[in-house]
Amino acid sequence: MPVGFFFFQKAVIIFDFCCYIIQSMKQLLILLLYCVPVSLAAQDSSFIVQTAGRLPFLEYGPGNDRLGGAKMTYLDSGIVLKVVDSLDGDYIVRLSKQHQAFIAKEHVKPAPEKFSRPYYLTNNWRVYGDDTFDYVTINLDERLPYRSIQQINPSRIVVDIFGATSNSNWITHLKSAKEVKSAWYEQTEDDVMRVFIELKNKQHWGHYIRYDSIGQRLTIRVKRQPPLDIQKMTIAIDAGHGGANTGAAGVSSGILEKDYTLRIAKELNTLLKQRQVKTLMTRDRDTTLEMADRVEILRAASPDVLISIHLNSSGNMLIQGTSTYYRYIGYKELSQSILNRMLELKLLEIGAVGGFNFALNGPTEYPNCLVEVAFLSNLQDEKRILDPKFHKAVAQKIYAGINDWIKKIK
Ligand SMILES: [Zn+2]
């Protein structure tokens, strides 16, 4: 064998080997390109759930304080949510491309995969009224999540429907609607439809969002302005705590908050009844009531106003004073009016506190105000709380505050 031929053969073998390596690398690359998306897809562990149980609600984030995190909205049951992650006791759910929320795991149940669709379209709207309420109904493909806020000047209810892409070409507004001035929408994001409901009156009297018991029609029920006369209204009174839930205790006397909230609530109830005002008490004796029980009682009764009565407490014994609380801007004036009257009792001012996350400030259905009368943890305030004359005086001030508020609305 000539030496030259031997080298030629070696070169061919090396060339073949190189080709083989390149070919193999190409195949490996193709395999990688194919596998990476597959493995990424395999990592997508999202799944669909539905809201369930009593009073499910969304939170903005994992924040927590003694009242729980900041609530975004209470939700109806059977609402479809996409879980993308979890953190402690919460699921993180994707509401739309840009929005997520937190929901307690106990507030959802598994849902069939059929709920997962690329688009959820909206359909026709109807604005109308019956004897008591106005309604804005929107036909949807699915029970999608929503949230709402109140706006003032002008008074509007703004509802975001997440995951919804507009296919609505028809908004019927009937004469029977008495409170809704107009209703329209903007597709603010690809998959978020924002509903605007402008009200005729400047005061918000409440709205309630739910789906039809069967089906996917979203209904925003709008409460009309009642006659602006307290005698023609129903005032709900909630005495904080009760039964096994004793609340705070007096710093020197050891008296229980649950007993004194009830005493003040009863004084208010008596005073209102003497003035021929219709009232409703969530409890009139020492009984245990969950927050959900209270919300359900109130929701069924649909009062015009809710006053919730508590006594405050702090680790700092020096803190004293009175405060009122609201969650929604449309209910601020009620809290401010009651606080102004409470300050006439020579209590120090803690303030009219907004954005508050108390469970009974959360429902949007009626104007509500939490009154933290004074501090059980402060000696001076406690002395007042022990005096039955003070209970009567607090009742009078709350009554006067509601009347002041009504006058302002007129
Ligand atoms: Zn309390």
What number of residues within segment 272-322 satisfy the criterion of being within 20 Å of residue 342 (Cα to Cα) and not small (Gly, Ala, Ser)? 13
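Matching residues to (1) under 16 Å from residue 366 (Cα atoms); (2) not small (Gly, Ala, Ser):
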position	(1), (2)
297	yes, yes
308	yes, no
331	yes, yes
339	no, yes
352	no, no
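For segment 153-173, enumerate the residues that are within 18 Å of residue 221 (Cα to Cα) and not polar (S, T, N, Q). Walk me through how you get there before you give the answer.
Kept after step one, since they are within 18 Å of residue 221 (Cα to Cα), are these residues of segment 153-173: 155-161, 171-173.
If the condition is that a residue be within 18 Å of residue 221 (Cα to Cα) and not polar (S, T, N, Q), then 156, 157, 158, 159, 160, 161, 171, 173 are the ones that fit.
Condition check ((1) charged (D, E, K, R); (2) in the same structural domain as residue 124 (by TED's automatic domain parsing); (3) under 29 Å from the mean Cα position of the chain (by Cα)) across all residues:
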site: 234; (1), (2), (3): no, no, yes
site: 238; (1), (2), (3): yes, no, yes
site: 253; (1), (2), (3): no, no, no
site: 262; (1), (2), (3): no, no, yes
site: 272; (1), (2), (3): no, no, no
Looking at (1) farther than 20 Å from residue 55 by Cα; (2) within 16 Å of the ligand (Cβ to nearest atom); (3) surrounded by fewer than 17 Cβ atoms within 10 Å (Cβ to Cβ); (4) free of Cβ contacts under 8 Å to residues at least 40 places away in the same chain, which one does residue 273 not meet, given that it meets all the others? (2)
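Based on what the data block shows, is residue 294 among the basic types (Lys, Arg), farther than 16 Å from residue 373 by Cβ and surrounded by fewer than 16 Cβ atoms within 10 Å (Cβ to Cβ)? Spell out how you get there, then give the answer.
Numbers: among the basic types (Lys, Arg): yes; farther than 16 Å from residue 373 by Cβ: yes; surrounded by fewer than 16 Cβ atoms within 10 Å (Cβ to Cβ): no.
No, not satisfied.
Given the criterion modelled with pLDDT of 95 or more, more than 30 Å from residue 200 (Cβ to Cβ) and not assigned by TED's automatic domain parsing to the domain that holds residue 63, identify the matching residue among 313, 308.
Numbers: 308 fails: more than 30 Å from residue 200 (Cβ to Cβ).
That would be 313, the only listed residue that is modelled with pLDDT of 95 or more, more than 30 Å from residue 200 (Cβ to Cβ) and not assigned by TED's automatic domain parsing to the domain that holds residue 63.
Can you go through 284, 229, 259, 238 and tell me which one is more than 28 Å from residue 177 (Cα to Cα) and either of a type in the set (Val, Ile, Thr) or more than 16 Å from the ligand (Cβ to nearest atom) (or both)?
On the way: 229 fails: more than 28 Å from residue 177 (Cα to Cα); 259 fails: either of a type in the set (Val, Ile, Thr) or more than 16 Å from the ligand (Cβ to nearest atom) (or both); 238 fails: either of a type in the set (Val, Ile, Thr) or more than 16 Å from the ligand (Cβ to nearest atom) (or both).
None of the other options fit; the residue is 284.
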For segment 169-277, which fully contained strands (runs of 3 or more DSSP E) count at least 2 residues that are aromatic (Phe, Trp, Tyr)? 180-189, 207-211
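The values are calculated or read from the model by the stated rules, or taken from the named source; none is laboratory data. Remember, predicted model here, so these are calculated numbers, not experimental data. When we count neighbours, we look across all protein chains shown, and the Cβ atoms used for this are built from the backbone with ideal geometry, even at glycine.
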